[in-house]
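Q: After the structure tokens below, expect a handful of questions from me.
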Amino acid sequence: MDQFSSKPLFESNLLQHAQGESTTVVLQVSDFHISGGLEQVVYDVAVVLRSQSFDVILFNCGKSGQPFQKFADDRFKTVSLDCNNEQEYKRQLSIHDAKLVNGHYSVQGAKWCHDVNVLFIQTIHNMYLWLFEPNFSLLLKQHRDADEYTSAYICVSQTVLNYAAYKMNLDKQKMIVIRNGVDESRMDKSCDATSLRRSLGYDENDFLILQSGTIAPLKGQEYVADAVMKARKELDDKSIKLVLAGTIQDRVYARNIAKRDIGGTTINFVGLRKDMNCLLQAIDLYCHPSLLEGWSLAVAEAAYMNKHILTTNTGGSVQLLQGDDPSKSCLNGKIISIIEPPYHDINNVNINTLTTTKYRHFSEQVKRNIVDIYLKSKTNTCPTNHLQDFKSRMKSSHIYKAYSLLFKWTLTGGSISSARRLIKTM
């Protein structure tokens, strides 16, 4: 048993920490120019850390955009720098008296932090399949080289942890699972969902299926589009419509999706939305058969907004929606369906096999589940229960306190194994 394994002693250390001066923590990113799930997570973590008496600084090692400006607008300190410049990197750490750096998709500076006695903790957001492609071999080497100087890894799901340990050969003993939370300040905003449906061209009888996220092959929009067109034909029901919300990353891919909608009335690209809370209120089924996820913030938000959900067993979807009951098909009065991705083992998949048409048959599986949920929704027998308790456990203001706990714990000399046990009780 290490010296920090008892809860009373742990709380004593936190009290001493709280009575001292605020501690400076750096959140480090490689780029911060696109408004997406990663950027939202980093921002939400910053907000919670500030509420827990940390002084938070954002180090951006690459491109800046609206998310970076949002940090500055909300009175966070921001620094744009060349994270490959050792002298400048160490100078910024010294200027701000940083005690800990938390890297998100960014391992630059791990050794330099070690040189100046600054803790370096990584957050692993996904299974980094692309690192095993030849043109990313240097980046994979950087991750493995940084392992020696990394004090802890925050993995957003158990799947991510397993991949990082067994595929990337990073130190499993340093790993801890802290899932992503839902920003309740965005999700709980009031809105007129009926008016939004109407403004998008839908009436009250339409059955709206939403998929959000970057329009790109890994997110599987083509499978959903195929499935929706087949479901409409099978059920002879033109009320089933597909809404795709997100930035188009691959225009050829998006055009191929649009071609499936011969009449032009079924598939609607609505772009990146700032009113996702309202859009989620306005739809009937959230469909997200992504091929690759670490922890789907989109699925978590759909669950928070209490929607029917169809998703794949990727990332932490099972833990989020079913918990310890693999037979569970209802959540807080709504239908949930989790299907297996079209590959057998993520550890044997590479980025090329995921972005080809190898899994074309997968759309048939998605279609069957859409039809099943659509029919069941007409006579929904799912019991309504514990929605508010579920939502309170999902909130970022609750979940990201685990970051604060881990940072304070490691800064006062506590071990990861002890922190792991304590965070499990949150």
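Just so it is clear, none of the values below were taken in a lab; they were calculated from the coordinates. These figures come from a predicted structure and were not determined experimentally. Positions of Cβ are backbone-derived with ideal geometry, glycine not excepted, and every protein chain shown enters the neighbour counts.
Q: For residue 240, enumerate residues with amide H under 5 Å from its amide H, sequence gap 5+ or separate chain, H modeled in the peptide plane.
A: For residue 240, the qualifying residues are 207.
Q: Can you put 125, 386 in order, fewest other beta carbons within 10 Å first?
A: Values: 125 23, 386 13.
In order of increasing Cβ crowding within 10 Å: 386, 125.
Q: Could you name the lysines whose alpha carbon sits less than 20 Å from that of residue 111, not counting residues in the same chain fewer than 8 places away?
A: Qualifying lysines at Cα under 20 Å: 90, 99, 141, 172, 174.
Q: Going toward the positive end of the dipole of the chain, with +1 on Lys and Arg Cβ and -1 on Asp and Glu Cβ, which of 81, 380, 327 do you reach last?
A: Farthest towards the positive pole: 380.
Q: Please list, in order along region 328-343, the HN-Hα scalar couplings obtained from phi with the Karplus expression 6.51 cos²θ - 1.76 cosθ + 1.60 (θ = phi - 60°), rounded to whole Hz, x for Gly and Pro.
A: Here the 3J(HN,Hα) series is 5, 10, 9, 9, 6, x, 10, 7, 10, 9, 10, 10, 6, x, x, 10 Hz.
Q: When the Cα centres of region 25-39 and region 283-330 are compared, how far apart do they sit, in Å?
A: First find each Cα centre; the distance between them is then 24 Å.
Q: Taking R0 as 30 Å, what's the FRET efficiency between residue 79 and residue 191 from their Cβ-Cβ distance, rounded to 0.05?
A: Details: r = 36 Å, r/R0 = 1.19.
For residue 79 and residue 191, the calculated efficiency is 0.25.
Q: Now, a different point. Spelling out what I want: for every residue of region 381-394, take phi, set θ = phi - 60°, compute 6.51 cos²θ - 1.76 cosθ + 1.60 (Karplus), and round to whole Hz; glycine and proline get x.
A: 10, 5, x, 8, 7, 6, 4, 5, 5, 4, 5, 5, 6, 8
Q: A further question follows. Within the chain, which is the longest segment containing none of the GluC sites (Glu not before Pro) that sit in a DSSP loop and have at most 10 other Cβ atoms within 10 Å?
A: On the way: sites that count: 21, 204.
With GluC sites (Glu not before Pro) excluded where exposed in loops, the chain gives 205-426 as its longest stretch.
Q: For residue 168 and residue 198, FRET efficiency with R0 = 45 Å and r from the beta-carbon atoms, rounded to 0.05? Please list the in-between numbers first.
A: Values: r = 48 Å, r/R0 = 1.07.
So the FRET efficiency works out to roughly 0.40.
Q: Just 393, 251, 50 to compare: in a GNM of the chain, with alpha carbon springs under 10 Å, which one fluctuates most?
A: 251
Q: Mind checking the alpha-carbon convex hull of region 185-391 and giving the volume per residue in Å³? Spell out each step's value before the answer.
A: Values: hull volume 25.8 nm³, N = 207.
Looking at region 185-391, the number lands at 124 Å³ per residue.
Q: Can you list the HN-Hα couplings for region 299-315, worked out from phi with the Karplus curve (6.51, -1.76, 1.60; θ = phi - 60°), rounded to whole Hz and with x for Gly and Pro?
A: Values, residue by residue: 5, 4, 5, 5, 5, 4, 7, 6, 10, 4, 9, 10, 8, 9, 7, 10, x Hz.
Q: Here's something else I'd like to know. Whole angstrom only: what separates the Cα centroid of region 129-184 from the Cα centroid of region 387-426?
A: Here the two parts' Cα centres lie 19 Å apart.
Q: How many nm separate the modelled label positions at residue 214 and residue 350, each set 7 Å beyond the Cα in the direction of the Cβ?
A: Output for this residue pair reads 2.1 nm.
Q: Please give me the summed charge of the neighbours of residue 114: other residues whose Cβ is under 14 Å from its Cβ, Lys and Arg +1, Asp and Glu -1.
A: On the way: positive: 90, 99, 111, 174; negative: 86, 115, 145, 147, 148.
Counting the neighbours of residue 114, the net charge comes to -1.
Q: For residue 336, enumerate residues with amide H under 5 Å from its amide H, sequence gap 5+ or separate chain, H modeled in the peptide plane.
A: 309, 330, 331
Q: For a paramagnetic label modelled at 7 Å from the Cα of residue 142 toward its Cβ, which residues of region 71-107 fall within the zone defined by backbone nitrogen distances under 12 Å?
A: 82-85, 104-107
Q: Quick one: if you stick a label point 7 Å off each Cα along the C-beta vector at residue 390 and residue 377, how many nm between them?
A: According to this spin-label approximation, the distance is 1.6 nm.
Q: Which residues' amide hydrogens lie under 5 Å from the amide hydrogen of residue 290, considering only partners 5 or more residues apart or on another chain, with H built in the peptide plane?
A: Counting only residues 5 or more places away or on other chains, the set is 312.
Q: So, R0 is 41 Å and r is the distance between the beta-carbons of residue 340 and residue 53; what FRET efficiency does that work out to, to 0.05?
A: Rounded to the nearest 0.05, the efficiency is 0.40.
Q: With 18 Å as the limit, write out which pairs from 401/424; 233/367; 219/367; 259/378; 238/367 have Cα-Cα distances beyond it, or answer none. Can you show the working numbers first?
A: On the way: 401/424 12 Å; 233/367 11 Å; 219/367 16 Å; 259/378 30 Å; 238/367 15 Å.
The answer is 259/378.
Q: For the chain, which cysteines have no disulfide-compatible partner, meaning no other cysteine Cβ under 4.7 Å?
A: Here 113, 155, 287 come out as lacking a disulfide-compatible partner, given the Cβ-Cβ threshold of under 4.7 Å.
Q: Hey, fewest Cβ within 10 Å first, where do 382, 83 land in order? Don't skip to the end; give the middle numbers.
A: On the way: 382 16, 83 22.
In increasing order of surrounding Cβ atoms, one gets 382, 83.
Q: Bin all alpha-carbon pair distances of the chain at 10 Å intervals from 0 and give each bin's fraction as a whole percent.
A: Pairs per bin, as whole percents: 4, 21, 31, 25, 14, 5, 1.
Q: Count the DSSP beta bridges whose two residues both fall in region 267-399, then state the antiparallel fraction as a percent rounded to the nearest 5. Mind showing how you got there, number by number?
A: On the way: 2 of 10 bridges.
In region 267-399, approximately 20 percent of DSSP beta bridges are antiparallel ones.
Q: Label 7 Å along Cα→Cβ of residue 325; region 389-426 residues with amide nitrogen under 11 Å?
A: In region 389-426, the label zone of residue 325 (backbone N under 11 Å from the point 7 Å along Cα→Cβ) covers no residue.
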